1. Would it be correct to say that residue 450 is buried (at least 18 other Cβ atoms within 10 Å of the Cβ) and farther than 19 Å from residue 67 by Cα?
2. Go through (1) modelled with pLDDT under 95; (2) β-branched (Val, Ile, Thr); (3) out of contact with any helix residue (DSSP H, G or I) (no Cβ under 7 Å at 6 or more places or on another chain) one by one and return the number of the condition residue 445 breaks.
3. Quick one: which of 197, 263, 267, 208 is exposed (fewer than 15 other Cβ atoms within 10 Å of the Cβ), at positive phi and of a type in the set (Gly, Ala, Ser)?
4. Does residue 310 meet the test of being more than 11 Å from ligand 1 (Cβ to nearest atom), closer than 23 Å to residue 497 by Cα and surrounded by 19 or more Cβ atoms within 10 Å (Cβ to Cβ)?
5. Of everything in region 324-366 that's polar (S, T, N, Q) and within 18 Å of residue 304 (Cβ to Cβ), which residue is nearest to ligand 1 (Cβ to nearest atom)?
6. Restricting to region 370-413, name every residue that is of a type in the set (Ser, Thr, Tyr) and in a loop (DSSP other than H, G, I, E, B).
7. Which ones in region 504-522 are more than 14 Å from ligand 2 (Cβ to nearest atom), under 22 Å from the mean Cα position of the chain (by Cα) and closer than 21 Å to residue 478 by Cα?
8. Just checking, how many residues over region 89-132 are of a type in the set (S, T, N, Q), over 20 Å from the mean Cα position of the chain (by Cα), over 18 Å from residue 439 (Cα atoms) and not in a loop (DSSP other than H, G, I, E, B)?
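The values are calculated or read from the model by the stated rules, or taken from the named source; none is laboratory data. All values derive from a computational prediction rather than experimental measurement. In this analysis, Cβ positions are derived from the backbone assuming ideal geometry, glycine residues included, and neighbour counts consider all displayed protein chains.
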Amino acid sequence: MVGALEYVLALGGLAISVSLMTSRRRQPPGNLTLPPVYGPWYLPYPIRGVLAMAKLGMDEDNFLLSLRRDYGPVVHLPWPLNQVFVLDGSLIQKVYGTPSSTLSFTPIRRELQTVAFGSSWKISQGPGLTRMFPVHAKGLTNLRIDAPVERFTRVVQAKVAHLKEQIESSPEEAVEIPIVKWVIDTMFEAATSGLFGEEFCDRTLKAGLQKDFNRFDACFALLAAEMIPMALYSLVPPIADGMKGREAMFSVLAQWVEDGLPGLDEGVIHDMAQIGLAEGYTSREVATLLSGDLWALQANAPYVASALLLYILQSGILDQVREEIDALPRQNEGTSDPVVTLKTLASMPLVASCVQETVRMNTSSFSIRVVEKDFVLSASGEGGIFIPAGMRVVCITRVGHLMDELWGANPESWIGDRFLPEKQGDALSSKRSREMNGFGGGISICEGRHLATAELKSILTIMLSNLDITPLKHVADPKIPIQAASAGNLWKGLQPSRDLTRPGLGAFQFGASDVSARVTKRKTS
Ligand code: HEM
Ligand SMILES: *[C@@H]1O[C@H](CO)[C@@H](O)[C@H](O)[C@H]1NC(C)=O
């Protein structure tokens, strides 16, 4: 431990002296300006950078919102971040629209493949990934996810049927359950079956892999920040624990690859593994690639699903949502189960709007770009902010989601039909959808957004057509402080508390914080 600390301090000291010597910024040409630098003028840049990092880690929302209030839409956070934060929705669209020869993402994606997902540098920097990227992106489009959605839906239906049996066999014909945990566990199993197939899902259940996944996921923010060299992973306790979880994931994945991917004969995971094997990668190396998919599949959607359900149950919009769900075609007369396919799910505009609104409210996503060539960020065309090559630009979607004018008077309220075109009926409605950036955007946009949206609609549909759910009370997680509602927060319903240790990593998570709920069979009205 002491060795590690000394190493980090020495490295930090060296970097501070280098950056003190080189922190004069290049002057921009013509009528362009540099972005303002974060922090009090009398402090050296590296100290301001460390301050920014600490605040981001401790109080993400207040820090991010204060940046926009104090510095405007663009601010430079000095080393160790050395990043330009873009805080305004329309400027974020400019970044997303800039070609990758100027603002690139691939170097970051490749780096993550090694520092977070454990592939060798040879693989993450090699030509194999170049062949995989387009196959991966194509494999998750709406044209290719019918089978995953069908498998996903089958698991959720079985889980709900099981819950109904428990309800029937209880004396009061009701059960009281931690609803968030139920949703997250169900999502984990259903999505694993969806993307990786039933056999792999069975193996993860037998191995208790969800726990290992959570251990790995818990250290993901530390890995992605790239502040700790890989050689030191085993010396930093949270990372050491995360590596054990990751190792368990590798071993189940590698064995399944070794066995020839039983239970899966098509789809994106199948194709990726085949390309990897054709490149001559070992089963374990293929497992490192697939672990990235497992992470992307499970780190966000289960949490959004819980928040979505709790919002709808408590927002007064439940009856309208059920009307939409009840209008879906039925399997046969008299069954309560609607037909849930990619196609039927596309016919629920209100539910789609609720999904967008939940992603807007309950995500904080940083889309990062490497500045390959000097570039100018400007809203109107005249003047503009000069950003020199070598910097990193980060789109801070959370601030746009809460502060842009187009959200109207109550950006901090969950309004389920906010994204419904007919209801809004104004020029802003399509702009709102464009500036809902919870899935990121441009060249780094979430490839799983279609699958995620279908998962969320599917679980909601099956739960609400079969069950009546009444949230009862908050269940605290001792490790996560209960957050006082902020002044502008009009939401009065029950939600689990947000885990604040994952800035910019996507959907809000909540540790063991939960909401207990009373669940009965749906009374057909
Ligand atoms: C509501 C649930 C989800 C949210 C909020 C979410 C959010 C995100 C975000 C913010 C990014 C990075 C975007 C950027 O850097 O600009 C991302 C990337 C990604 N997501 Fe999702 N995601 C969700 C569900 C999923 C699911 C179910 C999958 C399925 C496999 C998935 C697959 C991916 C992949 C593969 C990437 C990486 C794309 C790349 O590196 O180019 N996501 N997601
Ligand atoms: C969702 O976000 C809102 C604020 O944007 C917060 O009040 C609420 O507690 C969050 N819910 C969860 C489950 O994170």
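1. When the stated conditions are applied, residue 450 passes them.
2. Exception for residue 445: condition (1).
3. Within the list 197, 263, 267, 208, the selection yields 208.
4. Taking the combined requirement at face value, the residue satisfies it.
5. 365
6. 378, 380, 413
7. Hits for region 504-522: nothing passes.
8. Looking only at that region, the number is 2.
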